[in-house]
Amino acid sequence: MALGKTIYVAALISSFVYAVAVNNAEFTRKAFPSEFLFGVASSAYQYEGAYAEDGKGLSNWDWFSHISGNIADGKNGDVAIDEYHRYKEHVELMSEMGVDVYRFSIAWSRIFPEGTGEINEKGVRYYNDLINELLNKGMQPFVTLCHYDIPQALEDQYGSWLNQRIADDFARYAEACFEMFGDRVKYWTTFNEPNVFIPVGYETGSYPPQRCSASLWNCSAGNSSTEPYIAGHNLLRAHAYAVDVYRRKFQADQGGFIGIVISTLWFEPLTNSSEDLEAKDRIHAFHNAWYLDPIVLGEYPTIMHKFLGTRLPTITEDLRHKLRGSFDFIGLNYYSALYATSASYLENSPPRNIYRDSLTTLTEERDGIPIGNQMYPPSMICVPYGIEKMVNYVKTRYSNPLLFLSENGFGNKGNDNLPLLQKLNDTFRVECIQNALKYLEKSIRQGADVRGYFVWSLLDNFEWVFGYTSKFGMYHIDFTDGLQRYPKLSAYWYRNFLQGKSESHTEEFLTDFTKKHAGNLNPITAEA
């Protein structure tokens, strides 16, 4: 079958096929280097709430969640889990758990309500208070400048990521943050997962700004075949400009580090055929290397050039100079893995997204394993072995850069009708995180320069188009009862792991927890 006349299909790989034999009783943080950082991760729109409070401007997600109709439960992040008012409580939970670092994002629209212009001092005060509270409790802030949300004003004024102006506006916003917070923030990332929010915003239209080809998806405007690559190119310019500002004006005095966070999926060929091996290479390029190649090597992947032609913007010599090496570290968000395989039944369909452009899409099952049929699955199938594979891929392709595993965890579909104790007994999350850490530790022993690991997430929160139906937290939140917080088994397991306690402590806790608290659970302060 000719290369140009094939379509490639991906299916989720089951983690249960790849069990790892490690003595659970002996596996604690002591297995990692002493300076290795353990943390939890969050984002502004998913956690903060206070969406129109204290001078904050509307973000694209404020707009989208209210008007799109795309949120699974029809809800929004107006209140979210109210970190804006309860940050001290959350910091205390992290302190008790024993984490070293908290990864959170700054809402651009809380600092610059209109994207540019006057700074909102009340927004600055909030982030100063959060940063100082973390430092007072012995934890480090790990700050993302843009985690999906941008000021809606920039979309209204000039089309946000489709316009080159946004790179300059982002650089000015970043410079303000470096100046105001950089004396205490030592870890910065420019963007979280551009290879997610750009495709689903400009290819399928399922995220803001809801642009896509009307003939392919339900959008009123857009071009799925060209706009994702234009938007992604302008984002890379914004990243390069912000890093340049940090290095020229702040890094020497502040002594910090800056990078970017990419969503990663591990891809395996379904068979060892040449067609499947080529399919695997293509989807790795279109998903994992789309943003990493430019910042490390100064150019888009060769495969993308081959399949996109003039639809892929040109990286000029000036931009290449700024892009190449524009990181001190790379953050990898990892949850799952996919199979790549050849097929022909879609070969005459026009390009519509990165899977179609790379001649790849998703099937609904393989060998009876059910999966989501979305372009980006909701991380509800745990495939921990792919962490070792993904880290080694980055180590080899990019000459072993400094890495953080900036997100990892497990999302289950929430069921409000379950008894509370059953909601808290998340043994599946413990198993997923524990196995992920084992494979990460293995990759470090093989020479990968990984410096930290973050669980997504401390608390159940607003999970984008899944609303509050998808649960990733180590703490359950009762959204019907004043946002009461209840620790799940995973919260106790992670605390024990970080304190160097054996797995048996968690097993003992579960037994006692079930006996003592069934039907009589207190929020946050439940004890074994």
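The values are calculated or read from the model by the stated rules, or taken from the named source; none is laboratory data. Keep in mind the model is a prediction, meaning the values are calculated, not measured. Cβ: placed from backbone, ideal geometry, glycine included. Neighbour counts: every protein chain shown.
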Original post:
Quick check, is ILE198 in contact (Cβ under 8 Å) with a residue 24 or more places away in the chain and more than 30 Å from ASP100 (Cβ to Cβ)?
Top reply: yes
Original post:
Is it true that ALA252 is on the phi < 0 side of the Ramachandran plot, among the small types (Gly, Ala, Ser) and either part of a helix (DSSP H, G or I) or buried (at least 24 other Cβ atoms within 10 Å of the Cβ) (or both)?
Top reply: yes
**OP:** Go through TYR300, TYR335, TYR291 for me and flag whichever is hydroxyl-bearing (Ser, Thr, Tyr), more than 26 Å from GLU227 (Cβ to Cβ), touching a residue at least 12 places away in the same chain (Cβ under 8 Å) and crowded, with 23+ Cβ neighbours inside 10 Å.
**Re:** TYR335
Subject >> ARG237 vs. criteria of a type in the set (Lys, Arg), surrounded by fewer than 18 Cβ atoms within 10 Å (Cβ to Cβ) and either over 26 Å from the mean Cα position of the chain (by Cα) or under 30 Å from ASP183 (Cα atoms) (or both) >> reply: no
**OP:** Could you list, in sequence order, all residues of the range 81-122 that are under 21 Å from the mean Cα position of the chain (by Cα), surrounded by fewer than 21 Cβ atoms within 10 Å (Cβ to Cβ) and over 14 Å from LEU459 (Cβ atoms)?
**Re:** ASP100
Original post:
Can you tell which of GLU441, GLU431, GLU407 is surrounded by fewer than 18 Cβ atoms within 10 Å (Cβ to Cβ) and touching a residue at least 12 places away in the same chain (Cβ under 8 Å)?
Top reply: GLU431
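May I ask you to verify whether TYR47 is closer than 28 Å to LEU405 by Cβ, among the hydroxyl-bearing types (Ser, Thr, Tyr), at pLDDT 95 or above and under 24 Å from the mean Cα position of the chain (by Cα)?
Working: closer than 28 Å to LEU405 by Cβ: yes; among the hydroxyl-bearing types (Ser, Thr, Tyr): yes; at pLDDT 95 or above: yes; under 24 Å from the mean Cα position of the chain (by Cα): yes.
In short, yes.
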Original post:
Pairs, please: C-beta under 7 Å, at least 6 apart or cross-chain, first residue within 13 Å of PRO113 (Cβ to Cβ) and in contact (Cβ under 8 Å) with a residue 60 or more places away in the chain and in the range 146-157, second among the aliphatic types (A, V, I, L, M) and surrounded by fewer than 22 Cβ atoms within 10 Å (Cβ to Cβ)?
Top reply: GLN152/LEU58
**OP:** Collect the residues in the range 179-206 that are closer than 30 Å to GLU133 by Cβ, of a type outside the set (Ser, Thr, Tyr) and more than 15 Å from the chain's Cα centre (by Cα), keeping them in residue-number order.
**Re:** GLU179, MET180, PHE181, GLY182, ASP183, ARG184, VAL185, LYS186
Original post:
Quick check, is ALA436 of a type in the set (Gly, Ala, Ser) and farther than 27 Å from TYR148 by Cβ?
Top reply: no
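Would you mind finding the one in ASP78, ASP73, ASP129 that is under 23 Å from ARG211 (Cα atoms), among the acidic types (Asp, Glu) and surrounded by fewer than 18 Cβ atoms within 10 Å (Cβ to Cβ)?
Working: ASP78 fails: under 23 Å from ARG211 (Cα atoms); ASP129 fails: under 23 Å from ARG211 (Cα atoms).
It is ASP73.
List the helices (runs of 4 or more DSSP H) that sit entirely inside the range 405-504 and contain at least 2 residues that are in contact with a strand residue (DSSP E or B) (Cβ under 9 Å, 6 or more places away or on another chain) and at pLDDT 95 or above. Before you say what the answer is, go through the steps one by one.
Values: elements: 420-424, 427-445, 489-498.
Fully inside the range 405-504 and qualifying: 427-445, 489-498.
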Original post:
Scanning the range 128-145 for residues that are of a type outside the set (A, V, I, L, M) and touching a residue at least 60 places away in the same chain (Cβ under 8 Å), which turns out nearest to PHE257 (Cα to Cα)?
Top reply: PHE142
**OP:** Tell me, yes or no, whether the range 14-33 has at least one residue that is outside any helix (DSSP H, G or I) and at pLDDT 95 or above.
**Re:** yes
Subject >> Any chance ILE67 is among the β-branched types (Val, Ile, Thr) and under 23 Å from the mean Cα position of the chain (by Cα) >> reply: no
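Let me confirm something: among THR189, THR204, which residue is in a loop (DSSP other than H, G, I, E, B), out of contact with any helix residue (DSSP H, G or I) (no Cβ under 8 Å at 6 or more places or on another chain) and either touching a residue at least 60 places away in the same chain (Cβ under 8 Å) or of a type in the set (Phe, Trp, Tyr) (or both)? Step through it out loud before you land on a result.
Details: THR189 fails: in a loop (DSSP other than H, G, I, E, B).
None of the others qualify; the one that does is THR204.
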Subject >> Test result for VAL394, out of contact with any strand residue (DSSP E or B) (no Cβ under 6 Å at 6 or more places or on another chain) and over 21 Å from LYS488 (Cβ atoms) >> reply: yes
Subject >> From TYR148, TYR207, TYR173, residue being modelled with pLDDT of 95 or more and within 25 Å of ARG320 (Cβ to Cβ) >> reply: TYR173
Original post:
Filtering the range 216-234 down to residues that are assigned to a loop (DSSP other than H, G, I, E, B) and either free of Cβ contacts under 8 Å to residues at least 60 places away in the same chain or touching a Phe, Trp or Tyr at 6+ places or on another chain (Cβ under 6 Å) (or both), which residue is surrounded by the fewest Cβ atoms within 10 Å (Cβ to Cβ)?
Top reply: SER220
